[in-house]
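Let me begin by presenting the structure, written as structure tokens, before commenting on it.
The values are calculated or read from the model by the stated rules, or taken from the named source; none is laboratory data. In this text, all values refer to a predicted model and were calculated from it rather than measured experimentally. Virtual Cβ from ideal backbone geometry, glycine too; neighbours counted across all protein chains shown. Note: areas computed on protein heavy atoms with side chains; ligands, DNA, RNA excluded. Shrake-Rupley method; radii C 1.70, N 1.55, O 1.52, S 1.80 Å.
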Amino acid sequence: MPEPTVVAVPEPSDAAAPSPQPAGPPAIRCESLVKRFGTFAAVDGLSLEVPQGAFYAFLGPNGAGKSTTIAMLTGIYGADAGRVEVLGKDLQRDPLGVKASIGVVFEELALFERLTGMQYLVFCGRMYGLKGAEATRRAQELLELVELSFKSDELIADYSKGMRRKLAIAAALIHAPQLIFLDEPFEGIDVLASAVIRELLKELKRNGTTIFMTTHVLEIAEKLATHIGVIVAGKMRASGPVRELQTEHGAHTLEGLFQTLVGAPKAAGVRLSFYG
Ligand code: ADP
Ligand code: MG
């Protein structure tokens, strides 16, 4: 009897939607970026391009240089070498123009503890030039969307980690940026907050917002990402549309692709000498 043919059935995934057709300049383009801390190069000659409308998952082991890269792409850190263009603007020449058109949620959140959630969102909206009434309207809508309306008049000091993360994401969206950066948005929060954030990301993807997200939750990247980049020790291993990279590296899943690029974990056959 002939061997049955095994056909890999891809998981149903939102990433199955066709790759967005870029209109205009890329959302992000950087070339040969370098960031040194002393003599150590945390980011070492990194180049990448993200088309507008893409959901780019930036993956890599701890300490690979993901957060440092985000800090350079958003103008928090100056790069020691290389250049960055965001939405067609040169970051060095027009840092304010770039900052006005992006939203950023850092891994370590710095919120104003003595403001209420509502006050914080209105403050952020006003910083981006919204009129008071419009900032309030958007703040209410965002609080509703991230299921924080019931906390809107309480001090941020009393928010849980998941609530803070949702509030920080809401704040990053108040000026309707075309591009949003999220550094480990699912880190250290409960499943309910994760689900809310995941739904919000789906909505942003649907409305054409470009998303640049670091995560080590591969399942989420697998479901949402149209493009990925894999960074190891400050250098880009691969970057491009998920499907192209999977075909190129003969991997059926994102996890398989990640392991091909980063190296498989040595989990099999682990044993402790002092246990039985
Ligand atoms: P990732 O976000 O991928 O986990 P990071 O970008 O935070 O990695 O860090 C990359 C490397 O740079 C790590 O080895 C980290 O210890 C180092 N690093 C990050 N920030 C600093 C800093 N401010 N000073 C010195 N070393 C740093
Ligand atoms: Mg990090």
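Tabulated results
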| quantity | calculated |
| --- | --- |
| Inter-residue pairs, beta-carbon under 6 Å, first closer than 12 Å to L182 by Cα and within 11 Å of ligand 1 (Cβ to nearest atom) and in region 69-86, second open to solvent by 30 Å² or more (accessible area, probe 1.4 Å) and assigned to a loop (DSSP other than H, G, I, E, B), 6+ apart | A71/Y77 |
| Number of the condition not met by D183 [criteria: (1) under 23 Å from R114 (Cβ atoms); (2) surrounded by 20 or more Cβ atoms within 10 Å (Cβ to Cβ)] | (1) |
| Meets criteria (β-branched (V, I, T) and either within 14 Å of ligand 2 (Cβ to nearest atom) or assigned by TED's automatic domain parsing to the domain that holds L204 (or both)) for V43 | yes |
| Subset tally (residues that are farther than 11 Å from T116 by Cα and part of a loop (DSSP other than H, G, I, E, B)) for region 149-176 | 4 |
| Residue in region 220-241 that is without any contact (Cβ under 8 Å) to a residue 40 or more places away in the chain and either buried (at least 21 other Cβ atoms within 10 Å of the Cβ) or of a type in the set (D, E) (or both) present | no |
| Meets criteria (open to solvent by 20 Å² or more (accessible area, probe 1.4 Å), among the aromatic types (F, W, Y), in a helix (DSSP H, G or I) and out of contact with any strand residue (DSSP E or B) (no Cβ under 6 Å at 6 or more places or on another chain)) for F123 | yes |
| Conditions (1) more than 21 Å from P185 (Cβ to Cβ); (2) open to solvent by 80 Å² or more (accessible area, probe 1.4 Å); (3) in a helix (DSSP H, G or I); number of the one not met by T136 | (2) |
| Filter pass, F106 being outside the structural domain of T215 (by TED's automatic domain parsing), within 16 Å of ligand 2 (Cβ to nearest atom) and open to solvent by 50 Å² or more (accessible area, probe 1.4 Å) | yes |
| Residues of region 46-68 satisfying the condition of being away from ligand 1 (no atom under 13 Å from the Cβ) and surrounded by fewer than 23 Cβ atoms within 10 Å (Cβ to Cβ) | S47, L48, E49, P51, Q52, G53 |
| In region 162-202, residue farthest from A135 (Cα to Cα) [restricted to those that are charged (D, E, K, R), in contact (Cβ under 8 Å) with a residue 12 or more places away in the chain and away from ligand 2 (no atom under 16 Å from the Cβ)] | D190 |
